[in-house]
Amino acid sequence: MIYTDLIICEYVEGSSNNKALEFFNGTSQSLDLAAGGYSIKTYFNGSISAEQIRNLVGVLPPGGVFVLAHVDAVLGITPNQTVSFGWFNGNAAIELVRGTGILVDSIGRVGFDPGSQWGACLASTADNTLRRKTTVTQGDTNSSDAFGNSVAIAVNTVVGGAASEASNATGIDGNQGIQTRGRARHRTERVRRT
């Protein structure tokens with residue numbers, strides 16, 4: 001599989017401060033997140049202006065993952081970087097950008113208020129852990145298009161015996177009262193902190 005840049009491989013929106021994003025570097029090169037100007041922009045309630053911007057810091061090796069989480073999140077792993085402010089909820093649009101604003105990936109739809117969430121049921125962005133399908137090798141670079149969870153994101157949970165796709169994700173549990181599957185087959189190494 002050929003990846004051209006980072007992708008958001010996991011999205012955790014759980015109760016209270018259990019919020020996290022995980023990024024996967026499927027490229028053949030190490031990515032210095034600070035030098036590349038990678039950041040997360042968060043848009044609330046249909047806003048067209050980012051209300052929160054978080055610059056990412058770390059060197060992500062080929063095949064590596066990077067977890068950005070709320071400082072008070074209970075996830076069962078140690079994140080690579082934390083945020084201490086009130087972060088996203090199920091109806092916030094999120095963009096992963098680099099450099100001078102080049103859109104690399106997105107979740108949700110900037111400029112549109114979906115109400116309480118994007119998607120529906122266990123494939124929604126409220127109170128769920130969503131993981132990218134392993135077939136996705138490029139991020140959603142159009143943050144004004146409709147949220148397409150059936151194509152790009154799979155709920156990686158076991159609910160009532162139903163299984164779903166494996167992913168590039170580490171198996172973060174957002175503490176939403178559902179079980180997540182074990183560690184994924186593409187997981188190779190964690191990012192080194194700088």
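The values are calculated or read from the model by the stated rules, or taken from the named source; none is laboratory data. None of the values given here were measured: they were computed from a predicted structure. Every residue, glycine among them, receives a Cβ derived from its backbone with ideal geometry; neighbour counts consider all protein chains shown. Heavy atoms of the whole protein, side chains included, go into the accessibility calculation; ligands, DNA and RNA do not. Shrake-Rupley method; radii C 1.70, N 1.55, O 1.52, S 1.80 Å.
Accessible-area rank, largest first, for 72, 5, 145: 72, 145, 5, with all protein chains present and a 1.4 angstrom probe. To the nearest 10, the accessible area of residue 135 is 100 Å² with a 1.4 Å probe. A crude spin-label estimate for the pair residue 30 and residue 138, with each label 7 Å from Cα along the Cβ direction, gives 2.8 nm. Shown here for segment 18-92: trypsin sites (Lys or Arg not before Pro) in loop regions (DSSP other than H, G, I, E, B) with at most 14 other Cβ atoms within 10 Å, of which there are none. Ligands, DNA and RNA excluded, the heavy atoms of residue 13 present near 10 Å² of accessible surface to a 1.4 Å solvent probe. Under 5 Å from the amide H of residue 83 lie the amide H atoms of 69, 70, 71, each residue being 5 or more positions distant or on a separate chain, with H modelled from the backbone and absent for Pro and chain starts.
What is the percent carbon and sulfur in the accessible area of segment 86-130, measuring with a 1.4 Å probe over the protein chains and ignoring ligands? All intermediate terms of the calculation are to be shown ahead of the outcome.
Details: 840 of 1630 Å².
Whole-percent figure for carbon plus sulfur exposure: 52.
In the complete set of protein chains, residue-level accessible area for residue 28 is approximately 100 Å², probe 1.4 angstrom. The residues of segment 1-117 have, on average, 38 Å² of accessible surface per residue, using a 1.4 Å probe with all protein chains present.
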